[in-house]
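Asks: Questions regarding the structure given below will be posed in turn.
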Amino acid sequence: MPKGFLLALVCSLGACAAPSAPKARFAHTFVFLRSGPERAKYQGEALQELMNGHMANIGRLASEHELYVAGPFGKPSPTPELRGLFVFATGDVERARELTASDPSVAAGVFECEVVPWSTDKDLHGVHRRDMEFEARRKADPSIEMTQGMSSYVAIFAEDAALASKALSALRKDGRIAVEGRFGGERLGQGLYVLDTRDATAAEALLAPVKAALGPCTIVPWWGSAELSK
């Protein structure tokens with residue numbers, strides 16, 4: 001069989017197609033943290049105490065290998081009430097709710113949470129392991145700032161994951177998507193795409209050629225582990 005014909009046949013069967021979306025090998029739970037109904041009650045030292053407890057609880061859950069990803073959303077944001085996110089190791093929504101409830105800021109009503117199933121092809125266990133190694137180095141060397149282990153990203157929350165995955169195929173091929181995954185539960189059919197770009201302006205430039213094909217989506221700056229882009 002001529003080589004040219006064989007190549008054409010292979011390509012026609014999909015080997016030369018654009019990169020597909022992840023196969024979602026890993027099941028987790030995703031938590032949206034929003035401003036809670038009691039936020040206005042806490043100011044000054046009282047609010048700072050709760051935030052200190054919030055950060056300490058994040059550290060505890062990470063050290064116990066329950067929490068794989070956490071980080072705040074930045075500005076400008078079209079949804080300022082959306083404050084941050086968690087990704088838990090477990091795929092059990094009820095277990096994730098229990099873990100989230102251990103946060104003192106959640107218990108006080110400063111934050112309220114939405115917990116949903118979420119799956120990805122990204123090995124977040126490996127990301128978490130590297131984060132813990134960085135944290136060990138930071139504790140051993142006080143000159144290392146916590147922010148050195150963080151990076152800015154831009155998160156895209158797409159209403160139609162199938163549509164968005166297809167539209168983002170070129171960025172996926174270029175390695176510009178740090179992590180992506182699909183939601184379940186009440187958000188079934190929706191997707192998250194984290195762009196490895198530093199700010200919203202840069203993200204808008206990257207997305208300009210495909211924006212019309214993305215479908216309805218929310219684009220928000222986000223801070224997370226620098227290990228996500230590796």
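No lab work stands behind these numbers, since they all come straight from the coordinates. Nothing here was measured: the structure is a model prediction, and the numbers come from that model. Here Cβ is always computed from backbone atoms with ideal geometry, including for glycine, and neighbour counts include all displayed protein chains.
Asks: Tell me, what is the percent relative contact order of the chain, built from C-alpha pairs under 8 Å that lie six or more residues apart?
Replies: Value for the chain: 27 percent.
Asks: Here's a follow-up. If you rank Asp196, Asp131 by fewest surrounding Cβ atoms within 10 Å, what's the result?
Replies: Ascending Cβ contact count within 10 Å gives the list Asp196, Asp131.
Asks: Hey, fewest Cβ within 10 Å first, where do Cys217, Cys113 land in order?
Replies: Lowest to highest Cβ neighbour count: Cys113, Cys217.
Asks: Take the Cα of Gln148, step 7 Å along the line toward its Cβ, and report every residue of segment 207-230 whose backbone nitrogen sits under 19 Å from that point.
Replies: Residues 224-230 fall inside that zone.
Asks: Could you list Glu45, Glu204, Glu135, Glu180 in order of exposure, starting from the residue whose Cβ has the fewest other Cβ atoms within 10 Å?
Replies: Glu45, Glu204, Glu135, Glu180
Asks: Pull out the extension gain between Glu159 and Glu114, defined as 0.36 nm times the separation in residues minus the alpha carbon to alpha carbon distance; nm, one decimal.
Replies: 14.6 nm
Asks: Something else: For the chain, modelled as a Gaussian network with Cα springs under 10 Å, which listed residue fluctuates most, Pro216, Pro142, Pro37?
Replies: Result: Pro142 has the largest fluctuation of those listed.
Asks: Would you grab the residues whose amide H sits under 5 Å from the one on Val69? Only those 5+ places off in sequence or on another chain, please, with H modelled 1.01 Å from N.
Replies: Val87
Asks: Can you give the Rg/Rh ratio of the chain, where Rg is from the C-alpha atoms and Rh is the Kirkwood radius?
Replies: Ratio of gyration radius to Kirkwood radius: 1.03.
Asks: Once you have the Cα-Cα distance between Ala140 and His65, take 0.36 nm times their residue separation minus that, and quote the gain in nm to one decimal.
Replies: 25.0 nm
Asks: With +1 assigned to the C-beta of every Lys and Arg and -1 to the C-beta of every Asp and Glu, and no other charges, what is the dipole magnitude of the chain about the Cα centre in debye, to the nearest 20?
Replies: 820
Asks: What is the distance, in nm, between label points placed 7 Å from the Cα along the Cα-to-Cβ direction at Met55 and at Lys230?
Replies: Result for the modelled spin labels: 2.3 nm.
Asks: Let me ask another. Find the eigenvalues of the gyration tensor of the Cα atoms of segment 99-206, then list the square roots of 5 times those eigenvalues as equivalent ellipsoid semi-axes, largest first, in whole angstrom.
Replies: 27, 22, 14
Asks: Could you check the simple spin-label distance between Asp123 and Lys173, using points 7 Å along Cα→Cβ, in nm with one decimal?
Replies: 2.6
Asks: Any chance you could run the full-extension gain for Arg130 through Asp199? It's 0.36 nm times the residue separation minus the Cα-Cα distance, nm to one decimal.
Replies: In short, 22.4 nm is gained.
Asks: Between Lys166 and Glu38, what is the label-to-label distance in nm when each label sits 7 Å out along the Cα-to-Cβ direction?
Replies: Between Lys166 and Glu38, the label points sit 4.7 nm apart.
Asks: Under the rule of -39500 (n - 2.57) per DSSP H run of 4 or more residues, summed and divided by the residues of the chain, what mean residue ellipticity at 222 nm is obtained, to the nearest 500 deg cm²/dmol?
Replies: -10000 deg cm²/dmol
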